[in-house]
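The values are calculated or read from the model by the stated rules, or taken from the named source; none is laboratory data. Because the structure is predicted, anything quoted here is derived from the model rather than measured. Virtual Cβ from ideal backbone geometry, glycine too; neighbours counted across all protein chains shown. SASA here: full protein model, heavy atoms, side chains in, ligands and nucleic acids out. Shrake-Rupley method; radii C 1.70, N 1.55, O 1.52, S 1.80 Å.
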Amino acid sequence: MTGRSEPPDGPLENAAGGEDEYRSLVFDESFVRAARTQEFSARERMGEDARAVRTLPAATASARGRGSGRTTVALVVLIAVAFTLAVYNGFRSPYPRSAARQAEPLRTTLVPLAPRGAVPGGSPERLYTSEPVAGHGTGAAGIALPAARRTRSFSESQITAALARVKDYLVESSLNPDVLTGAVRRPVEQLLDPAQRAQFERSMSSPADDGRHAATGWVVRFDPQWAELATPQVRVEGALSYEEEAAGVLRVVSDHTFTYAVRPADGTRRKDDASLFTVRRELHFGFDREDLRRHRLEVRTANVQAGPLSCSADTAA
């Protein structure tokens with residue numbers, strides 16, 4: 001036979017009843033140009049050393065390589081841009097950012113309280129069941145957190161975190177027995193904004209009644225030469241409040257009265273030689289988003305009233 005011939009009625013259809021399985025494969029001009037080898041013509045193959053195919057000139061291959069390289073670079077750039085946008089949108093907060101804010105030095109006001117009558121003595125247990133401290137909470141349980149509601153710049157979780165940080169500060173600076181006796185200071189210092197730590201250290205090491213370097217502005221501390229704790233239990237009464245005072249700046253105010261059972265530091269320890277000493281601390285704290293992220297706080301002002309508690313004393317006065 002000299003070649004393939006078609007039936008008189010035309011070409012046969014696919015026996016399976018479908019289309020030609022190669023019909024969708026189109027060998028167009030771009031496909032041919034992309035080929036790395038090319039078949040010689042019949043005349044060229046008649047030579048003694050002729051080959052069936054020849055390699056295309058280097059220029060053609062390199063041109064195709066350049067086109068592929070440009071496509072690869074464009075794809076890499078597109079992926080990088082998409083990834084950057086995804087990261088930016090993922091970490092961008094829906095709340096407005098506050099400008100960088102420097103912590104201000106603490107300002108302290110201290111008012112000594114003079115008892116109105118005789119200061120009763122007795123055992124700590126009996127004193128704590130008398131008025132006006134009978135209904136006060138004990139230790140950290142007496143520091144309750146208010147319900148947190150989002151503000152313009154802070155979410156509920158952020159406000160909760162700020163309130164919890166303030167409570168940590170009150171517990172360490174007002175209830176920690178080692179801080180009360182002056183044995184340690186680190187638990188309080190590590191909660192502060194780094195910009196306030198130098199002032200804190202000077203206040204602890206060289207306290208001065210100048211409104212800036214009073215140790216009692218930062219902590220409650222009893223002079224071990226004057227008094228000692230009769231019991232580590234402390235009675236607490238007070239409240240916390242908060243507000244967004246400026247865009248991205250949260251203020252928290254604590255107003256608590258701490259009542260301590262102390263005894264003279266004369267070496268004698270009798271069961272009924274304790275008396276009550278009360279300290280009212282009104283502290284103002286500041287937070288921005290950076291403070292919350294770094295788990296720190298700024299103590300702005302401290303208004304402290306302290307003195308022995310008589311039978312008829314009003315600790316809120």
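Brief remarks follow.
- Out of SER153, SER173, sole residue that is assigned to a helix (DSSP H, G or I), closer than 21 Å to GLU298 by Cα, polar (S, T, N, Q) and open to solvent by less than 50 Å² (accessible area, probe 1.4 Å): SER173
- When the stretch 117-150 is limited to residues that are closer than 17 Å to ASP255 by Cβ and not small (Gly, Ala, Ser), the one that is surrounded by the most Cβ atoms within 10 Å (Cβ to Cβ) turns out to be ILE143.
- When the stretch 290-308 is limited to residues that are open to solvent by less than 50 Å² (accessible area, probe 1.4 Å) and among the charged types (D, E, K, R), the one that is nearest to ALA195 (Cα to Cα) turns out to be GLU298.
- Hits in the stretch 239-260 - residues which are surrounded by fewer than 17 Cβ atoms within 10 Å (Cβ to Cβ), farther than 17 Å from ILE143 by Cα and aliphatic (A, V, I, L, M): ALA246, ALA247
- Selected residue [of a type outside the set (A, V, I, L, M, F, W, C), assigned to a strand (DSSP E or B) and either within 16 Å of ARG126 (Cα to Cα) or open to solvent by less than 10 Å² (accessible area, probe 1.4 Å) (or both)] from GLY286, GLY217: GLY286
- The lone exception for GLU201 - which of (1) surrounded by fewer than 18 Cβ atoms within 10 Å (Cβ to Cβ); (2) over 13 Å from LEU106 (Cα atoms); (3) of a type in the set (Asp, Glu); (4) in contact (Cβ under 8 Å) with a residue 12 or more places away in the chain it fails: (2)
- Residue check, VAL234 buried (at least 16 other Cβ atoms within 10 Å of the Cβ), assigned to a strand (DSSP E or B) and touching a helix residue (DSSP H, G or I) at 6+ places or on another chain (Cβ under 9 Å): yes
- Within the stretch 249-268, the set of residues being under 16 Å from ARG300 (Cβ atoms) and either assigned to a loop (DSSP other than H, G, I, E, B) or among the small types (Gly, Ala, Ser) (or both) comprises just one member, SER254.
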